Amino acid sequence: MENYTKLKEALKAGFLEMDTPIEILSNALISEQNVVLVGPAGTAKINLIKQFRENLDLPFFQYLIGRYT
């Protein structure tokens, strides 16, 4: 649990103004639910998820959704 808290704090320090998505990812991990992050391009959503999952050795699935998807 201590490592998990350190990971959250490190992510919050590395990803400015991403506290809410970090909490969403954390809650989803604890409740064993999926996460969909929606927002404008270039806001580091994928980078945040990749960093989160790499540190916890979790699987990752990415699907880009556009207007005609």
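The values are calculated or read from the model by the stated rules, or taken from the named source; none is laboratory data. Predicted model, so just to flag it, every value in this text is computed and none were measured. We place every Cβ from the backbone using ideal geometry, glycine too, and count neighbours over all the protein chains shown. Ligands, DNA and RNA are stripped out before the accessible areas are found, and what is left, the full protein with its side chains, is counted by its heavy atoms. Shrake-Rupley method; radii C 1.70, N 1.55, O 1.52, S 1.80 Å.
Descriptive notes on the structure:
- Close pairs (8 angstrom Cβ cut-off, 6 or more residues apart or separate chains): touching a residue at least 12 places away in the same chain (Cβ under 8 Å) in the stretch 53-69, open to solvent by less than 90 Å² (accessible area, probe 1.4 Å) and of a type outside the set (Ser, Thr, Tyr) anywhere: ASN55/LEU7; LEU56/LEU7; LEU56/LEU29; LEU58/LEU29; LEU58/PHE52; GLN62/ILE46
- When restricted to residues that are in contact with a Pro (Cβ under 8 Å, 6 or more places away or on another chain) and either acidic (Asp, Glu) or at pLDDT 90 or above (or both), the stretch 16-52 contains 2.
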